[in-house]
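Undergrad: Would you mind keeping the following structure in view while I ask a few things?
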2 protein chains.
Amino acid sequence: MKVLSLFRRQSSAPVARERLQVLLAHERAVIGGRSDLVSVLREEILAVIAKHVSVDREKIRVKMDRDGSVATLEVDIEIRAPSSELALSA
Amino acid sequence: MKVLSLFRRQSSAPVARERLQVLLAHERAVIGGRSDLVSVLREEILAVIAKHVSVDREKIRVKMDRDGSVATLEVDIEIRAPSSELALSA
């Protein structure tokens with residue numbers, strides 16, 4: 001599965017950490033036809049994630065790109081693993 | 001750029017439609033250590049998107065996968081292009 005291998009590619013050594021990756025791509029019918037949906041969704045999706053996991057703002061990497069009619073957003077988040085999980089993995 | 005080519009791969013003929021793709025991957029530190037974050041985020045992210053674009057629920061394709069410690073979610077949404085954009089692209 002292509003998508004999975006993309007995520008796997010950046011896998012690190014098996015340490016006790018969690019990662020969440022979000023990729024967003026917006027393909028517009030007409031270039032310039034709509035305000036930047038990806039920028040608008042970026043903060044709201046980050047807020048949704050922060051509601052559910054403990055995120056260190058410094059551990060969030062965000063990359064935005066635009067190529068013609070396609071705008072993309074990549075967000076890579078390192079999640080603080082609960083201490084019980086750290087204990088289990090030791 | 002690998003991510004971009006992934007999205008491009010499914011590009012269709014240049015008709016007046018918009019698409020939004022969301023890929024989510026959650027890599028857990030410990031298998032079974034946390035409830036299913038991807039499932040939890042799925043509905044909330046869809047709700048955030050629906051606030052900003054006109055989405056036909058039948059035009060949403062959702063695919064969830066799990067492989068060991070990595071859970072992935074793919075969402076492919078066809079957006080109704082505003083009629084002004086349709087007119088422009090005719």
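Undergrad: With respect to A:Val70, is the statement that it is at negative phi and either more than 7 Å from chain B (Cβ to nearest Cβ) or at pLDDT below 65 (or both) true?
TA: In short, no.
Undergrad: Kindly provide the set of residues from segment A:40-77 that are part of a loop (DSSP other than H, G, I, E, B) and in contact (Cβ under 8 Å) with a residue 40 or more places away in the chain, ordered by number.
TA: The answer is A:Ser69, and nothing else.
The values are calculated or read from the model by the stated rules, or taken from the named source; none is laboratory data. Please read all numbers here as calculations on a predicted model, not as lab measurements. We place every Cβ from the backbone using ideal geometry, glycine too, and count neighbours over all the protein chains shown.
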